[in-house]
Each structure stands twice: as C-alpha cells, then as structure tokens.
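The values are calculated or read from the model by the stated rules, or taken from the named source; none is laboratory data. Keep in mind the model is a prediction, meaning the values are calculated, not measured. As a convention, Cβ positions derive from the backbone with ideal geometry for all residues, glycine included, and neighbour counts pool all protein chains shown.
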C-alpha cells in the first residue's frame, strides 16, 4: 500500500487481484491531481493491473480537474481491456460527477466490495 | 445584515493558491448563511476560474490573479481577473468539453461548471491583456431582515 500527499490531498493506493484501488482523502483539484495521476499510472502499469476502482467517499472537494483525471484513466483502462469504477456516497461529489456526464460511461457503487464484484466478467 | 460588503484578494498565479482562493471566497460568502450545497457551488466555481487563470491565462508562468467579491442583499458577485494571454475565441472556449490543452487532461468543463453552479456568468477577454470572469449567486435561504 502507498500513502502520499500534502495538506490538501492524501492518495492511498492498493491492489486486489487485477484491480488497482485508488482512495482519495481531501481535495482533488488541478494542483493535487497533477501529482497523483503520475503515481496512479505508475502503479497501474508496473503492477500490470486491468481495472481501477476510485474511492471518492472521503473527498470533500472535487472540481473539473478531478473529472479530467477520471476521464483520462477511463481511456487508459479501456485501451487495456479494463474498466474504471467509482465508489461514492458523497452528494457534493455526486453532483459534479452527474453534471459532467461521466456517469454515462462509469458506474458508481456504494462500497469497494460492490465495485469489485462488478469489475469481474464481461 | 443585508448591508453591502466588499473584499479584494491578490495572489501569485500558482496552483497551490487554487485551494486558498476558493476557501477565502467561501469564508467571505459564509456571512450570507449559505447551505452546504451553496458553499460547495461557490468553491467549485471559484476553483474553476482560478485554475483557468493559472493554466491558460499565465500558462503556469508568473502573474497575479485578482479576486473581488461584493455582497449585496442576499447576493454575491465574484470577479476573477488575470492579466495573462487572453482567449482569442471565447465562444469555442466556453463550449462544454472544449479544451485547448487536452495533453494536460483538462476536461473542458470549467465554464460549464461555473454556469451550472452559479446564477450568472459573464466572461470578457482580450488577447494579450487578460480575462475577466464575473459570476453571481443568490442565496435563497438568506433573509435580509426586511
């Protein structure tokens, strides 16, 4: 497991089978997304993972930079035959996800277990 | 309450200041007794405008971003200015999903977010001079005591 981050955002990375689990705590904006996306991709490729589960439940802020990060990872996973799944129950985060249109291509689950069950198959 | 109030902030165009800017404006707006949702709207809209100034206005170089906020009655007006490159085709720049910097993983949603989360948005820009974003929002729950 990897924990990193400054005052604004903590990034916690873990792996379960062919899934990379990315947990964010704090604020995901342009500044904090720059540093985290490199680390996410490094783990994804180095550890030969297929899917990414983003746990957004402990984010207290996200703007369109977060949407950009999710969309680019969606593209990356699709090219690799995998998918992106989101775990979220936070209403403010849900609003920006909804307005961005990203929910048309990425499904949201209420727990990591729930997401992992849906990451297998197809 | 309900009186006119004004503030002005000036800070370096650095991505670390995106968080500072939205928190400062949210703190100023808190005197309008906003709901959690309204405060989240303000923070997000300010974050988008400041991020635009940092990435597009000054292209991550040096510069000053100015924010002015005016409270009048139950309404806040927020003006975010940069003296950077400016936008040559504002209409295209404001289209949802349009980004001039796809390599930076920008979603192209900045102006759409500002439009959706605020009640009004007005953008003026001049190439070589900079960009001014004016946004306003009414706080429905706030009573001016009249």
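Numbers for the structure displayed
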| quantity | calculated |
| --- | --- |
| Number of the exception - residue B:68 against (1) in contact with a strand residue (DSSP E or B) (Cβ under 9 Å, 6 or more places away or on another chain); (2) within 19 Å of residue B:126 (Cα to Cα) | (2) |
| Only one of B:94, B:118, B:114 that is in contact with a helix residue (DSSP H, G or I) (Cβ under 6 Å, 6 or more places away or on another chain), touching a residue at least 24 places away in the same chain (Cβ under 8 Å) and surrounded by fewer than 19 Cβ atoms within 10 Å (Cβ to Cβ) | B:94 |
| Among (1) closer than 26 Å to residue B:23 by Cα; (2) out of contact with any helix residue (DSSP H, G or I) (no Cβ under 7 Å at 6 or more places or on another chain); (3) at pLDDT 95 or above, the one test that residue A:59 misses | (2) |
| Matching residues, the stretch B:107-134, being part of a loop (DSSP other than H, G, I, E, B) and within 14 Å of chain A (Cβ to nearest Cβ) | B:107, B:108, B:109, B:118 |
| Residues (surrounded by fewer than 16 Cβ atoms within 10 Å (Cβ to Cβ) and within 14 Å of chain B (Cβ to nearest Cβ)) located in the stretch A:6-20 | A:6, A:7 |
| Options A:23, A:39, A:49: the member that is more than 17 Å from residue B:105 (Cβ to Cβ), more than 11 Å from chain B (Cβ to nearest Cβ) and not in a strand (DSSP E or B) | A:49 |
| Test result for residue B:87, touching a helix residue (DSSP H, G or I) at 6+ places or on another chain (Cβ under 6 Å), more than 14 Å from every other protein chain (Cβ to nearest Cβ) and either in contact (Cβ under 8 Å) with a residue 60 or more places away in the chain or assigned to a loop (DSSP other than H, G, I, E, B) (or both) | yes |
| Sole residue being at the interface with chain B (Cβ under 9 Å from one of its Cβ atoms), within 23 Å of residue B:15 (Cβ to Cβ) and in contact with a helix residue (DSSP H, G or I) (Cβ under 7 Å, 6 or more places away or on another chain), chosen from A:65, A:32 | A:65 |
| Top-ranked residue in the stretch A:23-61 [being within 19 Å of residue A:111 (Cα to Cα) and buried (at least 23 other Cβ atoms within 10 Å of the Cβ); ranked as nearest to the chain's Cα centre (by Cα)] | A:54 |
| So residue B:71, is it more than 10 Å from chain A (Cβ to nearest Cβ), touching a helix residue (DSSP H, G or I) at 6+ places or on another chain (Cβ under 7 Å), surrounded by 23 or more Cβ atoms within 10 Å (Cβ to Cβ) and at pLDDT 95 or above | no |
| Residue among B:53, B:21, B:45 that alone is closer than 23 Å to residue A:35 by Cα, within 13 Å of chain A (Cβ to nearest Cβ) and out of contact with any helix residue (DSSP H, G or I) (no Cβ under 8 Å at 6 or more places or on another chain) | B:53 |
| Residues (at negative phi and in contact (Cβ under 8 Å) with a residue 60 or more places away in the chain) located in the stretch B:68-84 | B:68, B:69, B:70, B:71, B:72, B:74, B:75, B:76, B:82, B:84 |
